[in-house]
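**Q** The following block contains the structure, expressed as structure tokens.
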Amino acid sequence: MARGRLIASRAVRRAALVALGVAVVAVSGCGTAENGSFDRGRQLFVAKCGTCHTLKQAATTGTQGPDLDAAFAQARASGMDPDTVAGVVRAQVDNPRPTTADPNVSMPPHLVTGDDLSDVANYVAHVAGVPGIQPPTFAGGPGGQVFGQNGCGSCHTLKAAGTTGTVGPDLDKVLPGMSAAQVKQSIVDPNAKITPGFPPNTMPQTFGQTINPKDLKTLINFLLSSTNKGAGPAGQGK
């Protein structure tokens, strides 16, 4: 009986790895799912992984890489636990397969590392392939939804969105007086002008690619109107 369970467990793991387009590798996910930060992992996934991977809970629709819901759905249904899923994610990020020299067709190794990798692995382990899962609903209407889906609230305080993040500037304090063009630059090129007291390279540099133009305009209008002091809607000052 024990041998039968061992063979079944190996089959489940092999199915998930094949679905991800990787060879079977030895993974050790013990404790990973419990130790990562879910919210931070979601934000990192959206910024680092969402351009290539579809994941419903993250509201990402990338098609260059595997659909992670499809990749893990059968394995999860067959009994794969979150720790094992997290281990598979860690192994794939550390050692992507197949690998080529062309970054356009192959995931680069070590896209996230250390605590960031733990957070991403934890997040994916709890949402990928879960039946019926959908993105969470965020306060603030359509603009608040874009703000929340992209993990902005985990770093920024914004009363209109009901968020209290402190990693980045308090938007209720820095938004007043900003133009639409300035807000857009702060999103798509955050290192262009660093808010005093905050280090560079903290905010993801990829929102210009991961947020489509329509949603970006909706987000900018939301940010400007949230204080009623912004200098014009997103349709101006592009």
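**Q** Hey, could you check segment 137-160 for residues that are assigned to a helix (DSSP H, G or I) and within 25 Å of Asp83 (Cα to Cα) and say which is farthest from the chain's Cα centre (by Cα)?
**A** Ser154
**Q** Can you find a residue that is surrounded by fewer than 21 Cβ atoms within 10 Å (Cβ to Cβ), outside any loop (DSSP other than H, G, I, E, B) and either aliphatic (A, V, I, L, M) or without any contact (Cβ under 8 Å) to a residue 60 or more places away in the chain (or both) anywhere in segment 93-104?
**A** yes
**Q** Residue pairs, Cβ under 6 Å, 6 or more apart or interchain, first in segment 114-132 and in contact (Cβ under 8 Å) with a residue 40 or more places away in the chain, second of a type in the set (Asp, Glu). List them.
**A** Ala128/Asp69; Gly129/Asp69
**Q** Taking Asp170 and the conditions (1) more than 30 Å from Thr84 (Cβ to Cβ); (2) of a type in the set (Asp, Glu); (3) touching a residue at least 40 places away in the same chain (Cβ under 8 Å), which numbered condition does it fall short on, given that it satisfies the others?
**A** With respect to (1) more than 30 Å from Thr84 (Cβ to Cβ); (2) of a type in the set (Asp, Glu); (3) touching a residue at least 40 places away in the same chain (Cβ under 8 Å), Asp170 is out only on (3).
**Q** Given the criterion surrounded by fewer than 20 Cβ atoms within 10 Å (Cβ to Cβ), at pLDDT below 95 and in a helix (DSSP H, G or I), identify the matching residue among Gln209, Gln134.
**A** On inspection, the qualifying residue turns out to be Gln209.
The values are calculated or read from the model by the stated rules, or taken from the named source; none is laboratory data. Quick caveat, the model's predicted, so the values are computed rather than measured. Backbone-built Cβ (ideal geometry, glycine too); neighbour counts: all protein chains shown.
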